[in-house]
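As structure tokens, the structure follows; a few thoughts come after it.
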Amino acid sequence: MPSLRKRMDAIFDARLPRLSAAGLDAQARFDLLQQYGDFSLAYSTYAQPDLQYFGDANGYIAYATKMGHTFVLGDPVADPAHRAEYIRRFVAAAHAPCFVQISRETAAVLETLGYRINHMGVDTRLSLDTHSFAGKRNETVRYSERWLLKKNYRLIECDGSLADAQKVREISSNWRSGRIVSRREMRFLNRPFGAELTPHMRRFLIIDPAGHPVAVLDFDPIFRAGHAIGYTVAFKRKLAGTTPHAEIGLTKFATDRFIAEGREIVTFGLSPLAAITESGFLESRFWRSLFVRAYHSRRINARIFNLQGQAAFKRRFHGEEIATYIGFKRRTPLEILALLRLLKTL
């Protein structure tokens, strides 16, 4: 029998306008992704289960609903010249949808439609044509890789021969058991971890001196015009007790591989609520203040999600911090509650 909470969600969602589905199967979405998936969340809009799609054969918007609210994931996957059209069409069809982790370009379109636009964190990006791990500021990053190699760890790209899906699943389960909230994983902004890679993902491993995999680092591709121009960190997992040098050293190893291949960018994904300032758009001061307080809250960092730790790890690599935005019309506590539930932080 459905829980009371699920029944209430169904009642709320029944009030939403019925939107025409894009009618795109997985292959059609992937074809669009390869042409226009040039932002960090693009691959997740294709690969994440339980999303809905609005659009047509030339582009789509990915979204989900919760408690009678509609939430868009990232920018439209469409020709950049036509993204504004998809945004306007979706806003006209949906009931005041909220747009989450969007670019400045999407935010600018939404402002013309009466939206308030707030910062929601930063995405850290390395431009690989100019990035170097040389110099004093990257000394600790280089040291982590050297330490691993000196201690006879191997850093490799996975071809499936050293860590099958079951082994990777065991590493992930072990890692999850040590999380602040171990009984659930975040959704929407993150998709569920998959032990088996989906098309064009890349996986890197650390093999300990005894020959056992102890850490996993997965990347999603970032596409433009049919080519993978770079990658974004999708998942990090390691066995409890594995050296803290593992994640740093393996990230450097993978990034060096992408540089050697001539890729353009690596992104580390969202640092939620980090570096919140005035957005430069018409915004909600109330939510800006609340986001800042949440980021600095000891209780939230200790018991819900380690916001500060996420940001600190990514800042070790000295990339460019690109502001990401949230756009909303309602700006009500109920809308934020619905988003937190969609993210499974509550």
Flag if residue 40 is at pLDDT 95 or above, assigned to a loop (DSSP other than H, G, I, E, B) and out of contact with any Cys (no Cβ under 6 Å at 6 or more places or on another chain): yes
Among residues of segment 156-166, those that are without any contact (Cβ under 8 Å) to a residue 40 or more places away in the chain and either farther than 15 Å from residue 216 by Cβ or open to solvent by 60 Å² or more (accessible area, probe 1.4 Å) (or both), counted: 4
Odd one out for residue 92, checked against (1) closer than 24 Å to residue 187 by Cβ; (2) open to solvent by 20 Å² or more (accessible area, probe 1.4 Å); (3) part of a helix (DSSP H, G or I): (1)
In segment 59-77, residue farthest from residue 95 (Cα to Cα) [restricted to those that are without any contact (Cβ under 8 Å) to a residue 60 or more places away in the chain and of a type in the set (A, V, I, L, M, F, W, C)]: 77
Extreme residue, surrounded by the fewest Cβ atoms within 10 Å (Cβ to Cβ), among residues of segment 111-130 that are in contact with a strand residue (DSSP E or B) (Cβ under 8 Å, 6 or more places away or on another chain) and farther than 10 Å from residue 326 by Cα: 127
Selected residue (only one of 313, 317 is among the aromatic types (Phe, Trp, Tyr), out of contact with any helix residue (DSSP H, G or I) (no Cβ under 6 Å at 6 or more places or on another chain) and open to solvent by 20 Å² or more (accessible area, probe 1.4 Å)): 313
When residues of segment 158-179 are limited to those that are in contact with a Lys or Arg (Cβ under 7 Å, 6 or more places away or on another chain) and of a type outside the set (S, T, N, Q), the one modelled with the lowest pLDDT: 175
Residue within segment 145-155 that is of a type in the set (A, V, I, L, M), open to solvent by less than 50 Å² (accessible area, probe 1.4 Å) and in a strand (DSSP E or B) present: yes
Which listed residue, of 53, 60, is more than 18 Å from residue 16 (Cβ to Cβ), touching a Ser or Thr at 6+ places or on another chain (Cβ under 9 Å) and not hydrophobic (A, V, I, L, M, F, W, C): 60
Test: residue 99 is open to solvent by less than 20 Å² (accessible area, probe 1.4 Å), in a loop (DSSP other than H, G, I, E, B) and aromatic (Phe, Trp, Tyr): no
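The values are calculated or read from the model by the stated rules, or taken from the named source; none is laboratory data. This one's a predicted model, so the numbers in the text were calculated from it and none came from an experiment. So basically every Cβ, Gly included, is an ideal-geometry build from the backbone, and we count neighbours across all protein chains shown. We work out accessible area using only protein heavy atoms, side chains counted, and drop any ligands, DNA or RNA first. Shrake-Rupley method; radii C 1.70, N 1.55, O 1.52, S 1.80 Å.
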